[in-house]
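**Student:** I'd like to ask some things about the structure below.
The values are calculated or read from the model by the stated rules, or taken from the named source; none is laboratory data. Keep in mind it's a predicted model, so treat the numbers as computed, not measured. Neighbour counts are summed over all protein chains in view; Cβ atoms, including those assigned to glycine, are modelled from backbone coordinates with ideal geometry.
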Amino acid sequence: MSDQKLRRLVLSALFAALCTIMTLVIQVPSPVQGYVNLGDCAVLLSAWALGPLYGGAAAGTGSMLADLLSGYPHYAPGTFVIKLFMAAAAGLLFRALRREGRVRLLPAQLVSGALAEALMVAGYFGYACLWLGKGLAAAASVPGNVVQGCFGLAAAVAVYALLDRSHALARI
């Protein structure tokens, strides 16, 4: 295995752990429903830093582990797929927008992050509606997921700016 592949694999494992920890440990009560966590922040950071393939694998695995460890195993398969596609889409769009400096950093983050969070909201609605059998009652979770998505995107942009300023991302 080449050094570059090994490095990406290790970074993916670290980002998967980060997704798990940020989902489980940091929880802010939400006025809409349940709580808001920083898991989506880690999902977007993994997408922007590692790209669609490794970032998607890290986001899906780490978020799924958080569901398994927090007592929501029925959400684990859906979370794996939703977060994987969420990070893959964000990573692909972010790289396409940033290629050759076409779009500045912040607009690229906002557009790719908004797309990813829209996929998350639609994905969880579809999963709860169709797979978990909740039907249209699954729509009750949409406002909470929208708040979660906005919180995750804002946190990811802020953390990415700090990491970029410290030149930590240049080493990834």
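**Student:** Yes or no: residue 68 of a type outside the set (Ser, Thr, Tyr), free of Cβ contacts under 8 Å to residues at least 24 places away in the same chain and over 24 Å from residue 105 (Cα atoms)?
**Tutor:** It is true that residue 68 is of a type outside the set (Ser, Thr, Tyr), free of Cβ contacts under 8 Å to residues at least 24 places away in the same chain and over 24 Å from residue 105 (Cα atoms).
**Student:** Let me ask something else about it. Is the stretch 72-92 home to any residue that is at pLDDT below 95 and surrounded by 20 or more Cβ atoms within 10 Å (Cβ to Cβ)?
**Tutor:** Within the stretch 72-92, one or more residues are at pLDDT below 95 and surrounded by 20 or more Cβ atoms within 10 Å (Cβ to Cβ).
**Student:** Can you pull out every residue in the stretch 58-86 that is part of a helix (DSSP H, G or I) and either touching a Ser or Thr at 6+ places or on another chain (Cβ under 6 Å) or of a type in the set (Ser, Thr, Tyr) (or both)?
**Tutor:** The answer is 58, 59, 61, 62, 63, 64, 65, 66, 67, 75, 79, 83.
**Student:** Please indicate, with yes or no, whether at least one residue in the stretch 121-133 is over 25 Å from residue 27 (Cα atoms), under 18 Å from the mean Cα position of the chain (by Cα) and loosely packed, with under 14 Cβ neighbours inside 10 Å.
**Tutor:** There is no residue in the stretch 121-133 that is over 25 Å from residue 27 (Cα atoms), under 18 Å from the mean Cα position of the chain (by Cα) and loosely packed, with under 14 Cβ neighbours inside 10 Å.
**Student:** Within the stretch 25-48, is there a residue that is farther than 28 Å from residue 137 by Cα, surrounded by fewer than 24 Cβ atoms within 10 Å (Cβ to Cβ) and not basic (Lys, Arg)?
**Tutor:** Yes, that holds for at least one residue.
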